[in-house]
Amino acid sequence: MKKILIIGATSAIADHRARIWATTNDALFLVARNKEHVQIIASDLKVRGAAQVTTYCTDLNDMNATVTLLNQQRMQ
C-alpha cells in the first residue's frame, strides 16, 4: 500500500489517476479548494477500494494555510 498526496484533487486528471490508485488499495490524501466536490470524489474512491481517503480543503495560494497543512501532516 502506498500513501499518495494529490494536490488539486478535483481536477479531471487528478480524479482519473486517483481512481487508478484506489483500485490498488492505496491510501489517498486529497487536497482541494471545493469541499463538496472533494467529498464526492472521496466517497467514490472508497467504493473503488482505496485503503483510506483523507480530505483537506484549502487554497494553496494562501501561504499560511499551506504551512498549516504541512505542519498538520508532519504531526501524523
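The values are calculated or read from the model by the stated rules, or taken from the named source; none is laboratory data. Not measured: the values here are computed from a predicted model. Methodologically, a virtual Cβ is constructed for each residue, glycine included, from the backbone with ideal geometry; neighbour enumeration extends over all protein chains shown. Note: areas computed on protein heavy atoms with side chains; ligands, DNA, RNA excluded. Shrake-Rupley method; radii C 1.70, N 1.55, O 1.52, S 1.80 Å.
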| remark: Calculating Cα Rg over 2.2 N^0.38 Å from this structure picks out, from [x] 1.25; [y] 1.05; [z] 1.13, entry [y]
| task | Enter the accessible area per residue of the chain (Å², integer; probe 1.4 Å; all protein chains in place). | result | 67 Å²
| Taking Lys35 as the anchor, which lysines have their alpha carbon closer than 19 Å to its alpha carbon, excluding any fewer than eight residues away along the same chain? | Lys46
| remark: Rounded to the nearest 10, the angle in degrees between the Cα long axis of helix 35-47 and the longest principal axis of the Cα atoms of the chain comes to 30 degrees
| Fraction of accessible area attributable to carbon and sulfur, the chain (%, probe 1.4 Å) | 54 percent
| field | Cβ-based net charge around Thr58, under 12 Å, with every Lys or Arg adding one and every Asp or Glu removing one | value | 0
| field | Dipole of the chain [Lys/Arg +1, Asp/Glu -1 at C-beta], most positive-end residue of Ala12, Asn61, Ala22 | value | Ala22
| remark: Karplus ³J(HN,Hα) for region 24-29 (6.51 cos²θ - 1.76 cosθ + 1.60, θ = phi - 60°; Hz, whole; x = Gly/Pro) runs 9, 6, 8, 8, 10, 10
| task | With runs of 4+ DSSP H residues as the only contributors, calculate the mean residue ellipticity of the chain at 222 nm using -39,500 (n - 2.57) per run, divided by the residue total and rounded to the nearest 500. | result | -15500 deg cm²/dmol
